[in-house]
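These notes are about the structure you will find just below.
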Amino acid sequence: MVGPMSETTDLLVVGAGPAGLAAAVTAADHGLRVMLVDAGPQPGGQYWRHPDERYPVADESAGHHGWKVLTKLRDRLRVHRGAGHIDYRPGTQVWFIEAPKTESSPWYVYTTASVEAQPDHVPTGSVRAMRIVLCPGGYDRQLPVPGWDLPGVMAAGGVQALLKGSRTLAGRRAVVAGTGPFLLPVAVGLAEAGAEVVAICEAGNLTGWAKNVTGAVQVPSKGVEGAEYAKALVKHRIPYKTSTAVTRIDGDGQVQSAVLTALDRRGRPRSGSERAVEVDLVAFGWGFTPSMELVQAVGAETRIGSDESLIAVVDDMQRSTASRVYIAGEATGVGGAMMAVAEGELAGLGAAGDNGSSIDGARVRKLRGIIRRSAAFAQAMHHAHPVPARWTDWLTEDTLVCRCEEVTYAQVCHARDDLSADEARSVKILARPGMGWCQGRVCGFACAKIAAANEDRDLSPDDLARMSKRSLATPVSLEDLADLTLE
Amino acid sequence: MPTAEPEPAPNTITFDGEPIPARPGQTVGAALTEAGIRSWRETRKNGRPRGLFCGIGVCYDCLLTINGQSNQRACLAPAEDGTSCESGSGEEGLRDGGTDE
């Protein structure tokens, strides 16, 4: 199966964020011919999203951490591109991967443009690759809330993407809510750009940090970042409310107010504690969901991470259980950009070593140490910022769970309770959440939790895998399919 | 909406025929947001307004028609000078990647 654009490369890296950039330049350093495909228009991924490089601005790095790490990776990418070692394809997304026919034959990877509405968009194509490094990143995890489909309710990462990429404020008066340290830079970014941030609502009570202090102190730079945010919160007078959630959003055609509710020690909304605040923007993030469609497409083994996300199983060189496929970054466990960079470099070294290049053993050991310490920190963070145990208490019967197919909580419960759908796949088939445009990317976690809640059990990899397995990784047009030359 | 960095907006896009200013490098979703436009399609079932949600190409809430091409993500499409946008996602089903599993 070879399309007209087909070519064979030693290594295909998917994703040009922290992990993918590190993997690509490391492999190229070791003599591999690398192709780097990325859905974004320029390197950096979601973490280092920045203004369009074709129109330079003086403060390109505004609001960023570790910007020098990006500029170094970007410079190395430029050099390797100039020398013909890396074929970089921005604006390109992978929609299908076909396994090798034999132990020595290549993977077939099918690509299409991430934005089609431009005359010069990249054509549909296919790539043959002997090895693949998957660095698909992730996106904000969401929980349904009454009124969360009103315009003006956004993912926290989307609010930040508008700021970092387009220098656009998503609202004037905001509440930032959910759980996790990512709420801090989003709130501070909004305030520094001129918005009023009424509150950060952190659902966790943060006593978890004390219990996990050995994990937390293993990455000292995180303490420095925390202090910077604390200073910024004081400067902009942003209240940081722990054990608090936004439990309802109201408005006529768009957000006009949000209800803040205290949570008790078991994560239940405390009745009587509700307080409405006038806002035009609600930014939600409940940690992150790794993008797992390509990981599942290659058939790699998955497990449940410490934040209840579906993640890939990898060995100490980032090898997945799929032959000649390496995985790095959030898809192996949400741990932030610096851990992703280390994992990406290790994956690049792994691919280079397995390809016959000589690699530096001391460097491998050093990277493993960084990853081990970062993972300990991430695990402490995940335990301190859990999804509230009783988040479904704030749902009403008509709260949308699936935004695409407009499936309500009552409909999901009906499938579970009356039609005996005790796991996510049956719920999906019977009530149709996760069957729309986003294919369960947004509601998959919530659906899996609701389905498992009946039996009061923990999530299994199957629960999440069934909500995130997609036959095509991204919607493609019939024209794209027609363009393929099938052998 | 206010802008984080008030600057002249030398580009113009159109939204349902109306001119909307845009800065080079902005996305269509950003330009519409700055113009105070927060929704640009209605859902099939309940006719509910939809605009930007995930903002990074994952959720497909922000679909609209750009330069005649239906079902484009406003959060990803660049607001290049002269870009023509129409509310509504356009033809349903053309790009349906739907699957039962």
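Assorted remarks:
- Qualifying residue in segment A:321-329 (condition: part of a helix (DSSP H, G or I) and surrounded by fewer than 21 Cβ atoms within 10 Å (Cβ to Cβ)): no
- Check on residue A:84, in contact (Cβ under 8 Å) with a residue 12 or more places away in the chain and on the phi > 0 side of the Ramachandran plot: no
- Some residue of segment A:232-246 being out of contact with any His (no Cβ under 6 Å at 6 or more places or on another chain), polar (S, T, N, Q) and closer than 30 Å to residue A:364 by Cα: no
- Scanning segment B:50-74 for residues that are of a type in the set (A, V, I, L, M, F, W, C) and more than 7 Å from chain A (Cβ to nearest Cβ) gives B:62, B:63, B:64, B:74.
- Scanning segment A:352-377 for residues that are touching an Asp or Glu at 6+ places or on another chain (Cβ under 8 Å), closer than 26 Å to residue A:305 by Cα and touching a residue at least 40 places away in the same chain (Cβ under 8 Å) gives a single hit, A:368.
- Check on residue A:12, over 18 Å from residue A:130 (Cα atoms) and among the hydrophobic types (A, V, I, L, M, F, W, C): no
Here is a yes/no grid of residues against (1) part of a loop (DSSP other than H, G, I, E, B); (2) free of Cβ contacts under 8 Å to residues at least 12 places away in the same chain; (3) under 21 Å from residue A:141 (Cβ atoms); (4) not assigned by TED's automatic domain parsing to the domain that holds residue A:259:
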{"position": "A:389", "(1), (2), (3), (4)": "yes, no, yes, yes"}
{"position": "A:411", "(1), (2), (3), (4)": "no, no, no, yes"}
{"position": "A:419", "(1), (2), (3), (4)": "yes, yes, no, yes"}
{"position": "A:426", "(1), (2), (3), (4)": "no, no, no, yes"}
{"position": "A:436", "(1), (2), (3), (4)": "yes, no, yes, yes"}
{"position": "A:448", "(1), (2), (3), (4)": "no, no, yes, yes"}
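- Any hit, segment B:41-49, residues being facing another protein chain (nearest Cβ under 7 Å), under 18 Å from residue A:442 (Cα atoms), in a strand (DSSP E or B) and touching a Lys or Arg at 6+ places or on another chain (Cβ under 9 Å): yes
- Among residues of segment A:12-59, those that are in contact with a Cys (Cβ under 7 Å, 6 or more places away or on another chain), on the phi < 0 side of the Ramachandran plot and within 14 Å of another protein chain (Cβ to nearest Cβ), counted: 1
- Within segment A:412-445, tally of residues that are touching a Pro at 6+ places or on another chain (Cβ under 6 Å) and under 12 Å from residue A:469 (Cα atoms): 0
- Only one of B:2, B:49, B:19, B:24 that is under 26 Å from residue A:54 (Cβ atoms), at pLDDT 95 or above and surrounded by fewer than 20 Cβ atoms within 10 Å (Cβ to Cβ): B:19
- Residues satisfying the stated conditions in segment A:234-256, i.e. in a loop (DSSP other than H, G, I, E, B), of a type in the set (D, E, K, R) and touching a helix residue (DSSP H, G or I) at 6+ places or on another chain (Cβ under 9 Å): A:237
- Search result, residues across segment A:114-134 that are buried (at least 21 other Cβ atoms within 10 Å of the Cβ) and within 11 Å of another protein chain (Cβ to nearest Cβ): A:114, A:115, A:116, A:117
- Cβ-Cβ under 9 Å pairs, at least 6 apart or on other chains, segment A:135-154 side facing chain B (nearest Cβ under 8 Å) and part of a loop (DSSP other than H, G, I, E, B), far side among the acidic types (Asp, Glu) and surrounded by 24 or more Cβ atoms within 10 Å (Cβ to Cβ): A:149/B:61
The values are calculated or read from the model by the stated rules, or taken from the named source; none is laboratory data. Small disclaimer: the values here were computed from a predicted structure and weren't measured. Note that each Cβ is placed from the backbone with ideal geometry, even for glycine, and that neighbours are counted across all protein chains shown.
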